[in-house]
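Right, one structure below, let's go through it.
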Amino acid sequence: MALGLLLLLAGGLRLAAVLTVGAAPELHGDEGQYFAAAEALARGEAYPGSARPPGFPAFLALVMRAFGSDLQALRLAQIPLSLATLVLVFDLVLVRFGLRSAFLSGLLCALSPTLIHYVHYLWAETLLGTLLLLALWLLGRFGSTGQARFLVLAGLTLGGATLTREMSLSWALVAALWIALLSNPKGRLRNSLWFVLALALPVLPWTLRNYGLH
């Protein structure tokens, strides 16, 4: 019930933000680069250049294939990502600190001007925040269950975040060290390697592609 009310509140505010902006035909800053790259991917062309990682344009391209290059549809598609952020925060806090803290944390996410504001810009931050929180949630699942599959999924997710904004790669070392400390002595190296190899799986092809390009 509490999570449902938060999602209704957050969804309403984000929908209002997108509809208030309207079609907004002008693109600002990085929006133009992301949009052009997404159009190229939607047409089945190779990703242009290497100045921006391909994660967010790939997301936009999926939306374009379904709804065309309509800016309003692209902005609306970011609302579920923002709501997923709220769900992840709610669950992360609920497990550790209880329902009251989870509700307050979710309320902060629902009312955050920044999180509301970002859904009507074609910037990578909304997708990036969702992926980083999902990686953290998966690491938390590993911490509570000890199951290696959550490490693999966390690595793949952080790899996706790295392909969205390359600065996310800096979290890999922190996460690998945390995994090593949490694991029993015999499993430390194995678990850390599972995580790092899974992270490399989506990132390495992009790295090799850029190496060949340059």
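We did not get these values from a lab; they are worked out from the coordinates using the rules stated. All values reported here derive from a predicted model rather than from experimental measurement. Positions of Cβ are backbone-derived with ideal geometry, glycine not excepted, and every protein chain shown enters the neighbour counts.
Of all GluC sites (Glu not before Pro) in segment 15-85, which ones are in loop regions per DSSP and have a Cβ with at most 15 other Cβ atoms within 10 Å?
Values: sites: GLU26, GLU31, GLU39, GLU45; in loops: GLU26, GLU45.
Passing both the DSSP loop test and the Cβ count: GLU26, GLU45.
Work out the length of the dipole vector of the chain about its Cα centre, built from +1 on the beta-carbon of each Lys and Arg and -1 on the beta-carbon of each Asp and Glu, and round it to the nearest 20 debye.
Numbers: 14 positive and 9 negative charges, 181 e Å.
Once rounded to the nearest 20, the dipole reads 860 debye.
Grab the eigenvalues of the alpha-carbon gyration tensor for segment 107-205, scale each by 5, take roots, and send me the semi-axes largest first in whole angstrom. If you can, show how the numbers build up before the last one.
Numbers: eigenvalues 149, 49, 17 Å².
That gives 27, 16, 9 Å for the three semi-axes.
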With a Förster radius of 22 Å, plug the Cβ-Cβ distance of LEU201 and GLU45 into 1/(1 + (r/R0)^6) and report the FRET value to the nearest 0.05. 0.35
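Kyte-Doolittle mean at least 1.0 and Cα extent at least 27 Å along the axis: which DSSP H helices of the chain qualify?
Numbers: long enough: 2-21 (29 Å, 2.17); 78-97 (29 Å, 1.84); 125-145 (30 Å, 1.23); 188-213 (37 Å, 0.63).
What comes out of the filter, once short or polar helices are dropped, is 2-21, 78-97, 125-145.
So between ARG190 and TRP178, what do we pick up on full extension, going 0.36 nm a residue minus the alpha carbon distance?
Answer, rounded to one decimal: 3.0 nm.
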Tell me the label-point distance for the pair ALA16, MET1, using the 7 Å Cα-to-Cβ offset, in nm and rounded to one decimal. 2.4 nm
Relative contact order [Cα under 8 Å, 6+ residues apart], the chain, whole percent: 20 percent
Within segment 127-151, find all residues whose amide N lies under 13 Å from a label point positioned 7 Å from the Cα of SER112 along Cα-to-beta-carbon. 127-134
